[in-house]
Amino acid sequence: MIGIFIARYVERGSAQSVQNLPRPTITKPLQSEWIDDLMPDERNTIEVFQRTSPSVVHISTSALMKDRFFFNTYEIPEGMGTGFIWDKQGHIITNYHVYGQANRVTVRLFNQDVYEATLVGVDIHKDLAVLKIKAPAKDLVPIDVIEDNIPILVGQKAIAIGNPFGLDHTLTVGVVSALEREIDALSGLKIMGVIQTDAAINPGNSGGPLLNSRGKLIGVNTQIVSRSGSNAGIGFAVPAEIVKYVVPQLIENGEVRRVGLGVVLLQDEIAQRLNIQQGVVIKDVLPGGAAQKAGLTGLSLDAENRLKLGHVILAINSRPVNSRIEILNLLINYRLNEEIQLDVSKNNNRSTVKLKLQEL
């Protein structure tokens, strides 16, 4: 059976400590006498690795457990993962599932200095977390992030740097295999627009950067598809576009501002009893909200006190929806004040309306 695995390395109860793990070996910067012996693609990969490795960190988590007989409290290893430096203020980006329910998190920099990390904020819907360490600014090398106007293309080079199975600063190279994939978040909703890559991603790579040939961040490695839990050539990364939207909000507010339509949706079970075969029924429209401004209506009673349908949402940006969870899956991928198109029906008449998403 093929399964989806979060690329996290869990080493419960192991005697192997972080200090005993293999250390990364970085060759000296390329010198002129070596260049002629290397192909251009090799020189590019080496240059990206040497320049970007100082931005990649090793993350270790531990949890507190109580002895059931003597009620003593012990700290045990919870897992290991990867992260990367976001700014000179000490913010570290990783996956939410790397942090998990840890009681203690340590971050080891490229120079091997280890720091206690505090949690700044998480977005469980996008599997992202922001940690913070108190390290000297001179030791913090923020990662470069791809610009908004540069597209990510299927077939372009993809470079992953992480700590698979606890092995620091391991580099793997592949291509962007596909775009616009969907994966499950721990919240039960979908992360959309995900990058698929064949660059080897294994347990422990979670939270590490996926880079282009210029060493720019294009995604955060998150999940793999595998029969065994190890690399099978199908890995997924949350795209940098999402990271650039989520991370500043987590740093500023500790959470992400979620958006809505300004409606209350009717429960799916009740809609089925009303013999609604397609779409999602609007139960109520919030006063002054986006839906009301767009002219949408909810349920009402006629002159004989019989239930009267208002608008039924059929699709969001041409994507059909038939349950409340499908609408939630779509809305977590949009931003505040972003304009979307709704296909709706009322009294068997179909129409299209546009509205700007509001804050929940």
Looking at segment 104-128, which of its residues are in contact (Cβ under 8 Å) with a residue 60 or more places away in the chain and either of a type in the set (A, V, I, L, M) or outside the structural domain of K190 (by TED's automatic domain parsing) (or both)? V114, V120, V122, I124, L128
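If you go through segment 277-292 one residue at a time, do you hit one that is under 26 Å from E339 (Cβ atoms), assigned by TED's automatic domain parsing to the domain that holds V105, buried (at least 24 other Cβ atoms within 10 Å of the Cβ) and touching a residue at least 40 places away in the same chain (Cβ under 8 Å)?
Pass one, segment 277-292, residues under 26 Å from E339 (Cβ atoms): 278-292.
Checking which are assigned by TED's automatic domain parsing to the domain that holds V105 leaves us with none.
Checking segment 277-292: not a single residue is under 26 Å from E339 (Cβ atoms), assigned by TED's automatic domain parsing to the domain that holds V105, buried (at least 24 other Cβ atoms within 10 Å of the Cβ) and touching a residue at least 40 places away in the same chain (Cβ under 8 Å).
Out of curiosity, is P203 modelled with pLDDT under 85 and at negative phi?
Numbers: modelled with pLDDT under 85: yes; at negative phi: yes.
Taking the combined requirement at face value, the residue satisfies it.
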Given the condition touching a helix residue (DSSP H, G or I) at 6+ places or on another chain (Cβ under 8 Å) and within 30 Å of L131 (Cβ to Cβ), answer yes or no: does some residue in segment 260-268 qualify? yes
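With the condition kept exactly as written, say whether any residue in segment 330-350 is part of a helix (DSSP H, G or I) and either aliphatic (A, V, I, L, M) or within 15 Å of I282 (Cβ to Cβ) (or both).
Filtering segment 330-350 for residues part of a helix (DSSP H, G or I) gives 330-331.
Now drop any that are not either aliphatic (A, V, I, L, M) or within 15 Å of I282 (Cβ to Cβ) (or both), which leaves 330-331.
Checked segment 330-350: at least one residue is part of a helix (DSSP H, G or I) and either aliphatic (A, V, I, L, M) or within 15 Å of I282 (Cβ to Cβ) (or both).
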Breaking point among (1) closer than 18 Å to E255 by Cα; (2) surrounded by fewer than 24 Cβ atoms within 10 Å (Cβ to Cβ); (3) in contact with a Ser or Thr (Cβ under 7 Å, 6 or more places away or on another chain), for H91: (3)
Taking K126 and the conditions (1) of a type in the set (D, E, K, R); (2) under 18 Å from Y99 (Cα atoms); (3) part of a strand (DSSP E or B), which numbered condition does it fall short on, given that it satisfies the others? (3)
Does N333 satisfy the criteria of being within 19 Å of G193 (Cα to Cα), in contact with a Leu (Cβ under 6 Å, 6 or more places away or on another chain), polar (S, T, N, Q) and not assigned by TED's automatic domain parsing to the domain that holds G193? no
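The values are calculated or read from the model by the stated rules, or taken from the named source; none is laboratory data. Everything quoted here is computed from the prediction, not taken from an experiment. Cβ: placed from backbone, ideal geometry, glycine included. Neighbour counts: every protein chain shown.
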